[in-house]
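S.K.: I have a structure here, written as structure tokens, and I will follow up with some questions on it.
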Amino acid sequence: MTRICLNCSKTLNAAAELEGYQTAPHPYDWVICLYCGHLMVFTSNLKLRDPNQEELIEMAGDPDIVGMMRFRDTYLKWKEKHNP
């Protein structure tokens, strides 16, 4: 199933999991668009939705989310340097 970022409309067609090797999405998993950095949540039927206020607070304090956002920033700087 192809998913589209709710913010930038880019196709999201890859997945990575920080713990373990399983990469298939699960209901209520968090999603970061690597194109624009938008945070989303999978619904029970694996569609994307914006996080609610409580989820945003939880995400803001999650070290994995913070780490992935830092990774995204580093990657974008590297990409810009190597692919002008």
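Read the figures in this text as sums done on the coordinates, not as results from a lab. All values derive from a computational prediction rather than experimental measurement. Methodologically, a virtual Cβ is constructed for each residue, glycine included, from the backbone with ideal geometry; neighbour enumeration extends over all protein chains shown.
S.K.: May I ask for the net charge around Glu80, where only other residues with Cβ less than 13 Å from the Cβ of Glu80 are counted and Lys, Arg are +1 while Asp, Glu are -1?
M.R.: On the way: positive: Arg72, Lys77, Lys79, Lys81; negative: Asp73.
Net of charged neighbours comes to +3.
S.K.: I've got another one for you. Give me the net charge of Glu55's neighbourhood, meaning all other residues with Cβ under 13 Å from the Cβ of Glu55; Lys, Arg count +1, Asp, Glu -1.
M.R.: Details: positive: Arg49; negative: Asp29, Asp50, Glu54, Glu58, Asp62.
Value of the local net charge: -4.
S.K.: Please work out which option in (i) 13.2, 40; (ii) 12.4, 34; (iii) 25.3, 83 gives Rg and Dmax of the Cα atoms in Å calculated from these coordinates, and answer with its label.
M.R.: (i)
S.K.: Counting helices only, and only those DSSP H runs with n ≥ 4, report the 222 nm mean residue ellipticity of the chain as the sum of -39,500 (n - 2.57) divided by its residues, in deg cm²/dmol to the nearest 500.
M.R.: -10500 deg cm²/dmol
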